[in-house]
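Contents: one structure, followed by commentary.
The values are calculated or read from the model by the stated rules, or taken from the named source; none is laboratory data. This is a predicted model, so every value here is computed, not measured. Cβ atoms come from the backbone with ideal geometry, glycine included; neighbour counts cover every protein chain shown. Please note that ligands, DNA and RNA were not included when accessible areas were found on the heavy atoms of the full protein model with its side chains. Shrake-Rupley method; radii C 1.70, N 1.55, O 1.52, S 1.80 Å.
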Amino acid sequence: MSISTALSPAGGARRGFTLVELMVAALLGGLVLTGVLATNLQLMRSGVRVTQYAEMSSQMRRGVEQFEGDVKSAVTIVWNNVSDITLTLPAQNGSTSQVTYAWTSATQSFFRVPGASSAVTIGRIYLVRGIPSLPDGSAGLIFTRYDRDGAVATTDLATKKVQVSMNAVRTARTAATSTDTVVSAIFTLRNKP
């Protein structure tokens, strides 16, 4: 009777994985992991863009609504420049007050400030931030004024309607830039004769 120490493959002995099989498995696992991580990163970037856009859109909507309320109740308008207007608003006691709506390239914001000057910083309320100058260097926010017939007005006295146009931008390091352009409805100065 002889005893053999060699095991035959058919004899049921367990074999381990070869080095090639382990390398193929590691490569496939790495590819799957890379795909999962890339998808996760893309979802995070999309989430950041959606959040930026929602915040920007909400800010623009609130700013235009604030502007609309004041324009509709204004009794006079003073056109300081295409990005700066002053409205005279009636008060409950019969007196009036002035409020200025403006945009400056320094602040890159649409803001409201009490009084007749946009240079005043006391009481300034920022309505929409992130409105840069346009690529051609022109203002990022523009007011357009119209007369009663809808033609472009050239004087404060002839102005009966006002429209605001702005282009807001939000940028993050990990996501693409979000941009929103608003051209508001044309608001009528109801109390202006």
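Filter segment 1-26 down to residues that are surrounded by 10 or more Cβ atoms within 10 Å (Cβ to Cβ) and modelled with pLDDT under 80, then give me how many there are.
1
Just name the residue that is most open to solvent (accessible area, probe 1.4 Å) out of those in segment 27-69 that are under 23 Å from Ala119 (Cα atoms) and aliphatic (A, V, I, L, M).
Filtering segment 27-69 for residues that are under 23 Å from Ala119 (Cα atoms) and aliphatic (A, V, I, L, M), the one most open to solvent (accessible area, probe 1.4 Å) comes out as Val64.
Here's the yes/no breakdown for (1) at pLDDT 90 or above; (2) in contact with a Ser or Thr (Cβ under 6 Å, 6 or more places away or on another chain):
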| site | (1), (2) |
| --- | --- |
| Ser105 | no, yes |
| Ile125 | yes, no |
| Arg129 | no, yes |
| Gly137 | no, no |
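Applying the selection to segment 121-144, what residues are of a type outside the set (Val, Ile, Thr), open to solvent by less than 30 Å² (accessible area, probe 1.4 Å) and in contact with a Lys or Arg (Cβ under 9 Å, 6 or more places away or on another chain)?
Answer for segment 121-144, where residues must be of a type outside the set (Val, Ile, Thr), open to solvent by less than 30 Å² (accessible area, probe 1.4 Å) and in contact with a Lys or Arg (Cβ under 9 Å, 6 or more places away or on another chain): Leu127, Gly130.
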